[in-house]
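Peer 1: There's a structure below that I have some questions on.
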Amino acid sequence: MSTLSTPLHSVVVGCLVRNASNDLLLIRHHKRGWEMPQGRVEEGENLIDALCREVREEAGVEIEPGPLAAVWSMISQSPAIIFTFLGRYRSGDLLTSGDSEEAGWFSEAEAIEKVTGSVMRERLKALLNFNGAVVYRSYSTRPYQVLMEQNLSQGFCAKP
């Protein structure tokens, strides 16, 4: 009898937040540079509460969560499932935290220029191109490589 190891995936949420001027919220992480607010879902926490908490902790603002836009499956070491949403700014002043050194509002062009990490840049572009269909992407890192991409509304399995 073979022993199967139990995969331990982290569950992560991220959000592309827009304000009334349609600018995008970015935070500057001390290691990864500029990115959208994101973070791990805590034990016993639902995705939406985690999303709001992460944006509040990293940027100091309250949001109105919008639609789920993409699901990412990182299958490299320290695997994770990342649920990314769109959201609208509701209230609050930008503040930083232990996870963020800076927070700011940027145009789409400025945001794409500032976000230099390949994984986060692709995630940002996917969210900017959201057309109502939730996208699924599986990827590995070192080097970054998309292994599978699928529109979730079309399903995955081939029909016989």
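Peer 1: Are there trypsin sites (Lys or Arg not before Pro) in region 21-99 that DSSP puts in a loop and that have at most 15 other Cβ atoms within 10 Å, and which ones? Numbers along the way, then the final one.
Peer 2: Working: sites: 28, 31, 32, 40, 53, 56, 88, 90; in loops: 31, 32.
Those satisfying the criteria are 31, 32.
Peer 1: Something else about it: How compact is region 24-69 by the rule of thumb for globular proteins, expressed as Cα Rg over 2.2 N^0.38 Å? All intermediate terms of the calculation are to be shown ahead of the outcome.
Peer 2: Details: Rg = 10.9 Å, N = 46, 2.2 N^0.38 = 9.4 Å.
Against the compact-globule rule of thumb, the ratio is 1.16.
Peer 1: Give the Kirkwood hydrodynamic radius (Å, one decimal) of region 70-124, defined as one over the mean of 1/r across all pairs of different Cα atoms.
Peer 2: Working: mean 1/r = 0.0729 Å⁻¹.
Kirkwood hydrodynamic radius for region 70-124: 13.7 Å.
Peer 1: Largest first, please: the extent of the C-alpha atoms of the chain along each principal axis, to the nearest Å.
Peer 2: Cα extents, longest axis first: 56, 33, 31 Å.
Peer 1: Here's a follow-up. Could you tell me which chymotrypsin sites (Phe, Trp or Tyr not before Pro) in region 89-160 are loop residues by DSSP with no more than 11 other beta carbons within 10 angstrom of their beta carbon? If you can, show how the numbers build up before the last one.
Peer 2: Details: sites: 89, 105, 106, 130, 136, 139, 144, 156; in loops: 130, 144, 156.
Filter output for region 89-160: 156.
Peer 1: For residue 145 and residue 53, what does the FRET efficiency come to when R0 = 30 Å and r is the distance between their Cβ atoms, rounded to the nearest 0.05? Intermediate results must be reported in sequence, preceding the final value.
Peer 2: Values: r = 31 Å, r/R0 = 1.04.
About 0.45, to the nearest 0.05.
Peer 1: Further question on the same structure: Counting alpha carbon pairs within less than 8 Å and at least 6 residues apart, what relative contact order, in whole percent, applies to the chain?
Peer 2: Details: 329 pairs, mean separation 40.3, N = 160.
Computed over the chain, the figure is 25 percent.
Peer 1: Loop-only check: which chymotrypsin sites (Phe, Trp or Tyr not before Pro) in region 1-88 are DSSP coil with at most 13 other Cβ within 10 angstrom? Intermediate results must be reported in sequence, preceding the final value.
Peer 2: Working: sites: 34, 72, 83, 85; in loops: none.
Nothing satisfies the criteria.
Read-outs: derived from the displayed coordinates by stated rules, not from any lab. Just so we're clear, the structure is a prediction, and the values are computed from it rather than from any experiment. Virtual Cβ from ideal backbone geometry, glycine too; neighbours counted across all protein chains shown.
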